[in-house]
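One structure is given below, encoded as structure tokens.
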Amino acid sequence: MLKRLMDIVVAGSALLLLGPLLLAIALWVRCDSAGGALFRQERVGRHGRHFTIYKFRTMRTGADKAGPAITVGEDARITRAGHWLRHSKLDELPQLFNVLTGDMSLVGPRPEVPRYVAMYPADLHDLVLSVRPGITDLASIAFRNESALLAQSADPERTYVEDILPVKLDYAARYAQHPSLWQDVVILVRTAHAVLKPSQAPSQPR
């Protein structure tokens, strides 16, 4: 209950305070390339329920149907505005609406598309999906430069499925096993620090 209350208070306050910024970004996205300001995609949430996630659109309209579900390096589908929004992580701000509706939390395992959820090991599937997915988590911090890391691979899709996804699931399982409000606060602070500090060269997943 305390976690949900924090989600509502923080997300609601952020949307009110950041309203002008959200409007400015939406107008920039619309002016920068053809298409709407928001990107919508089906993701898998708590207890396996599917929901629509919202982001500011950072790729050309229809790009999700013309390429892989993962973004690799300087993906040609990314717009000019999209490069900056992805680097600053401001493309994630519309997910505050997902938090208000209860589909997501501020902190929790990042929600995956159904295709990748179908690959979850049986012993982790229900555990990871037992909590609300979040805007950020420890895996998001660890793989902040994921697209650059995938660009180093000869087979990015295979690298994601075999190397990166298992590590993300390990983070998610540990979070689901030991949730706490204090841990959420720590992750939010670490996320802010990771977003504000200069990007570092990507490292190989551990």
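The values are calculated or read from the model by the stated rules, or taken from the named source; none is laboratory data. Quick caveat: nothing in here was measured; it's all calculated off a predicted structure. Quick reminder, even Gly has a Cβ in these numbers, built from the backbone with ideal geometry, and neighbours come from all protein chains shown. Each accessible area value is taken on the protein alone, full model and side chains, heavy atoms only, with ligands, DNA and RNA left out. Shrake-Rupley method; radii C 1.70, N 1.55, O 1.52, S 1.80 Å.
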Let me check I have the definition right: for the range 48-187, take the eigenvalues of the Cα gyration tensor, multiply each by 5, take square roots. What are those semi-axes in whole Å, largest first? 24, 19, 14
Dipole moment magnitude, nearest 20 debye, the chain about Cα centre, only Lys, Arg, Asp, Glu C-beta charged: 460 debye
Heavy atoms only, probe 1.4 Å: what % of the accessible area of the chain goes to carbon and sulfur, would you let me know? 61 percent
Gain in span if fully extended, Leu15 to Val189, counting 0.36 nm per residue against the direct Cα distance: 60.8 nm
Calculate the spin-label point distance for Gln177 paired with Leu38, positioning each point 7 Å from the Cα along the beta-carbon direction, and give it in nanometres. 3.7 nm
Just the accessible area per residue of the range 1-139, please: how many Å² with a 1.4 Å probe? 51 Å²
Between Asp123 and His83, the two model label points (7 Å from Cα along the beta-carbon direction) sit apart by a distance in nm of 4.5 nm
Could you grab the relative contact order for the range 1-128? Cα pairs under 8 Å, six or more apart, rounded to a whole percent. 29 percent
